[in-house]
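A.B. asks: A single structure is presented below for examination.
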Amino acid sequence: MSSTLDIMHTTARRLDLAYRAKGHGPTLVLLHAFPFNQDMWEPQLEGLSDVAHVITLDLPGFGASQTTDGDFSLDTMAEIVHDFVRHLGHERVVLGGLSMGGYIALAYARKYPAHLQGLILADTRANADTPEARKRRLEQIQEINQFGLLGLSESMPHKVLTPATAVKRPALLKELGGHIAASNVMAVTGALEAMANRPDAMDVLPGIHVPTLVIVGEGDELTPPTAAQEMVDHLPNGKLVSLPGAGHMSNLEAPEAFNQAVADFMRQFTR
Ligand code: MLT
């Protein structure tokens, strides 16, 4: 899942950010899940470049991007993404995010509605954490601070892939674990805290008038199909696509069906 395409660098909010770009057409910016990096979008960079100008980036502190001084709030991430997009010369883009990337895309939609051409919310949710989920994240932060990232690197890949994918694609399971183990502890704990503190975004949905594609793996246990349906029910211009055989990382587990849904969606923005 790592791309052969060269990584490029730009500055946003005085941070050095790593990104890749490929293809021609309407601009599609993709935001990765927690605690991964832009490598997860390799099937989309390769598979969607004939319908879109696809841009992926490492969020601050992840992959090859510089880390913030400790502020990982989703609002700050949305501001950095906005700056990044404008530095690359784009006024309005289609913004897509998977899971944590989706939380950031929703924060962006709240702050910068005029700069959105369309939105893709994949394997994500608009609700804030429940008190139990929040408590679990705060416990995870303590565990990581005490014992490092090994525990998360062993447990999380099994949560984000379906059991069938984990058996069929051991290399992917291992690669995801490797990405987590190699992550920056401050970014991982900062992102956990940011997700625990994120506001409920259900109120944002009725104000999103641009076309919005909601994608969910049918076997996603972290952000399940019910959460996706709830978002679509509140979006004025939303469409739901469910992907059989996929869990939380639906873009990696069902790349062809995922790309087909995004390609069909992107064609409406072609001038
Ligand atoms: C993600 O995939 O980004 C995370 O699982 C999101 C979350 O923990 O809520």
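The values are calculated or read from the model by the stated rules, or taken from the named source; none is laboratory data. This structure is a prediction, so every number in the text was calculated from the model and none was measured. With ideal geometry, Cβ positions are generated from the backbone for all residues, glycine too; neighbour counts draw on all protein chains shown. Side chains included, ligands, DNA and RNA excluded: accessible areas come from the protein's heavy atoms. Shrake-Rupley method; radii C 1.70, N 1.55, O 1.52, S 1.80 Å.
A.B. asks: If you check Val94, Val51, which single one turns out to be hydrophobic (A, V, I, L, M, F, W, C) and farther than 21 Å from His209 by Cα?
C.D. replies: Values: Val94 fails: farther than 21 Å from His209 by Cα.
When all the criteria are applied, what remains is Val51.
A.B. asks: Follow-up question, since we're still on this one. What's the total number of residues in the range 63-86 that are surrounded by 23 or more Cβ atoms within 10 Å (Cβ to Cβ) and polar (S, T, N, Q)?
C.D. replies: Result for the range 63-86: 1.
A.B. asks: Can I ask one more? Quick check on this structure: which one of Arg125, Arg137 is part of a loop (DSSP other than H, G, I, E, B) and either modelled with pLDDT under 95 or surrounded by 13 or more Cβ atoms within 10 Å (Cβ to Cβ) (or both)?
C.D. replies: Testing whether each residue is part of a loop (DSSP other than H, G, I, E, B) and either modelled with pLDDT under 95 or surrounded by 13 or more Cβ atoms within 10 Å (Cβ to Cβ) (or both) leaves just Arg125.
A.B. asks: Can you tell me which residue within the range 154-172, out of those that are within 14 Å of the ligand (Cβ to nearest atom) and part of a helix (DSSP H, G or I), is farthest from Gly245 (Cα to Cα)?
C.D. replies: Only one residue fits best here, namely Ser155.
A.B. asks: Looking at the range 14-45, which of its residues are outside any strand (DSSP E or B) and surrounded by fewer than 17 Cβ atoms within 10 Å (Cβ to Cβ)?
C.D. replies: Answer for the range 14-45, where residues must be outside any strand (DSSP E or B) and surrounded by fewer than 17 Cβ atoms within 10 Å (Cβ to Cβ): Arg14, His24.
A.B. asks: So, one more: Among the residues in the range 196-205, are any within 12 Å of the ligand (Cβ to nearest atom), within 17 Å of the chain's Cα centre (by Cα), buried (at least 17 other Cβ atoms within 10 Å of the Cβ) and not in a loop (DSSP other than H, G, I, E, B)?
C.D. replies: Yes, that holds for at least one residue.
A.B. asks: Now for a separate question. Step by step: first the residues of the range 226-236, then only those that are in contact (Cβ under 8 Å) with a residue 12 or more places away in the chain and within 16 Å of the ligand (Cβ to nearest atom), then the one that is nearest to Asn259 (Cα to Cα). Which residue is that?
C.D. replies: In this case the residue turns out to be Ala228.
A.B. asks: Of the conditions (1) of a type in the set (S, T, N, Q); (2) touching a Leu at 6+ places or on another chain (Cβ under 6 Å); (3) assigned to a loop (DSSP other than H, G, I, E, B), Asn259 satisfies every one except a single condition; which number is it?
C.D. replies: Result: Asn259 fails condition (3) only.
A.B. asks: So which of Asn259, Asn251 ends up being in contact with a Pro (Cβ under 9 Å, 6 or more places away or on another chain), within 15 Å of the ligand (Cβ to nearest atom) and open to solvent by less than 60 Å² (accessible area, probe 1.4 Å)? Even if it seems obvious, please write down each step before you answer.
C.D. replies: Working: Asn259 fails: within 15 Å of the ligand (Cβ to nearest atom).
That would be Asn251, the only listed residue that is in contact with a Pro (Cβ under 9 Å, 6 or more places away or on another chain), within 15 Å of the ligand (Cβ to nearest atom) and open to solvent by less than 60 Å² (accessible area, probe 1.4 Å).
A.B. asks: Filter the range 241-253 down to the residues that are free of Cβ contacts under 8 Å to residues at least 40 places away in the same chain and under 11 Å from Asp220 (Cβ atoms) and list them by number.
C.D. replies: Ser242, Leu243
A.B. asks: Is it the case that Gly151 is open to solvent by 10 Å² or more (accessible area, probe 1.4 Å) and free of Cβ contacts under 8 Å to residues at least 12 places away in the same chain?
C.D. replies: Yes; evaluated as a whole, the condition is true for this residue.
A.B. asks: Which residue pairs have Cβ atoms closer than 8 Å, lie 6 or more positions apart in sequence or on different chains, and pair a first residue in the range 90-112 that is under 14 Å from Met40 (Cβ atoms) with a second residue that is among the aromatic types (Phe, Trp, Tyr) and within 15 Å of the ligand (Cβ to nearest atom)?
C.D. replies: Gly97/Tyr103; Ser99/Phe34; Met100/Phe34
A.B. asks: Considering only residues that are within 15 Å of the ligand (Cβ to nearest atom) and either modelled with pLDDT under 95 or surrounded by fewer than 20 Cβ atoms within 10 Å (Cβ to Cβ) (or both), which ones fall in the range 206-225?
C.D. replies: Residues satisfying the conditions are Glu221, Leu222, Pro224.
A.B. asks: May I pose another question? Find the residue count for the range 87-121, including only residues that are within 10 Å of the ligand (Cβ to nearest atom), open to solvent by less than 10 Å² (accessible area, probe 1.4 Å) and either more than 22 Å from Thr76 (Cβ to Cβ) or in contact with an Asp or Glu (Cβ under 8 Å, 6 or more places away or on another chain) (or both).
C.D. replies: Counting residues in the range 87-121 that are within 10 Å of the ligand (Cβ to nearest atom), open to solvent by less than 10 Å² (accessible area, probe 1.4 Å) and either more than 22 Å from Thr76 (Cβ to Cβ) or in contact with an Asp or Glu (Cβ under 8 Å, 6 or more places away or on another chain) (or both) gives 2.
A.B. asks: Does Ala114 qualify as being assigned to a helix (DSSP H, G or I) and small (Gly, Ala, Ser)?
C.D. replies: yes
A.B. asks: Within the range 229-247, how many residues turn out to be open to solvent by less than 10 Å² (accessible area, probe 1.4 Å) and either β-branched (Val, Ile, Thr) or touching an Asp or Glu at 6+ places or on another chain (Cβ under 8 Å) (or both)?
C.D. replies: So the answer is 3.
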